[in-house]
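Comments concern the structure below.
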Amino acid sequence: MKISDQVCEKIEEQIATGELPPGCALDEARLAEQHGVSRTPVREALIQLAAEGLIEIRPRRGAIVTSIGPARLLEMFEVMAELEAMCGRLAARRMSEGERADLLAAHQACEAARTAQDSDEYFYCNERFHAAIYAGSHNAFLGEQAQQLHRRLRPYRRLQLRVRNRISTSFDEHDAVVRAIVAGDAAAAAAALHDHVVVQGERFGDLLASLAELDLPVHA
């Protein structure tokens with residue numbers, strides 16, 4: 001992996017974990033020192049992150065982590081729910097035995113993280129869970145689009161897990177998805193994934209409250 005790609009992954013992880021929150025200014029020199037590289041791979045990494053929509057590079061003002069306003073955030077989660085539903089529908093029809101085994105393994109890892117009430121570990125296991133469904137859809141273009149939006153929403157999906165009882169609720173929703181996919185019930189899988197991902201009503205209010213608690217901007 002190129003140095004710039006390694007730096008890109010590390011910065012993306014800092015954004016996902018909230019170490020670099022939305023609206024945070026990104027200083028090339030500081031990032032270069034932090035990651036032990038020259039400024040060139042940092043600059044290349046920032047260009048890549050900007051192409052993915054995770055940061056904004058402003059002429060003569062430097063780069064900042066993208067801050068998504070509430071209306072835009074709701075729209076993105078609505079689209080994410082539809083993409084996930086499509087992946088689930090196709091996965092229920094197309095998943096191989098090996099791919100179903102991978103999904104079950106990710107589901108079991110989520111269960112262990114839920115039992116431990118480890119939101120960070122659950123976050124990573126949850127990513128494995130959804131990636132297994134994307135792969136099982138056997139539609140590369142759909143999987144790429146879902147993965148791209150999934151990455152854009154990573155910081156906000158992570159914040160959701162800090163809401164009281166969200167991990168347990170998320171796991172129960174995963175269980176419904178797994179049962180539908182294993183049974184080959186495409187309609188049930190699509191519905192379960194849509195309901196799992198869509199952020200509306202109280203769930204959206206909880207997400208905005210989490211942003212406010214961390215004093216993160218939600219108005220860009």
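With respect to the conditions (1) in a helix (DSSP H, G or I); (2) of a type outside the set (Phe, Trp, Tyr); (3) modelled with pLDDT under 75; (4) over 20 Å from the mean Cα position of the chain (by Cα), Asp215 lacks only one, and its number is (1).
Looking across the stretch 180-197, just one residue is β-branched (Val, Ile, Thr) and open to solvent by 20 Å² or more (accessible area, probe 1.4 Å), and that is Val182. Name every residue in the stretch 161-176 that is over 17 Å from Phe123 (Cβ atoms) and crowded, with 16+ Cβ neighbours inside 10 Å, in order of residue number. Ala176 - this is the single residue of the stretch 161-176 that is over 17 Å from Phe123 (Cβ atoms) and crowded, with 16+ Cβ neighbours inside 10 Å. Here Ala106 meets the list (1) open to solvent by 10 Å² or more (accessible area, probe 1.4 Å); (2) under 15 Å from Ser170 (Cα atoms); (3) small (Gly, Ala, Ser) almost entirely, failing just condition (1).
In the list Ile11, Ile57, which residue meets the criterion of being in contact with a Leu (Cβ under 8 Å, 6 or more places away or on another chain) and farther than 25 Å from Tyr124 by Cα? Quick ask: steps written out before the conclusion?
On the way: Ile11 fails: farther than 25 Å from Tyr124 by Cα.
Unique residue meeting the criteria: Ile57.
For the stretch 1-22, taking the residues that are aliphatic (A, V, I, L, M) and at pLDDT below 90, the one that is most open to solvent (accessible area, probe 1.4 Å) is identified as Met1. Among the candidates Ala85, Ala71, the residue that is among the small types (Gly, Ala, Ser) and modelled with pLDDT under 95 is uniquely Ala71.
The values are calculated or read from the model by the stated rules, or taken from the named source; none is laboratory data. Bear in mind the structure is a predicted one, so any value in this text is a computation, not a measurement. Glycine gets a Cβ as well: all are built from the backbone with ideal geometry, and neighbour counts include every protein chain shown. Accessible surface is based on the protein model in full, side chains and every heavy atom, while ligands, DNA and RNA are left aside. Shrake-Rupley method; radii C 1.70, N 1.55, O 1.52, S 1.80 Å.
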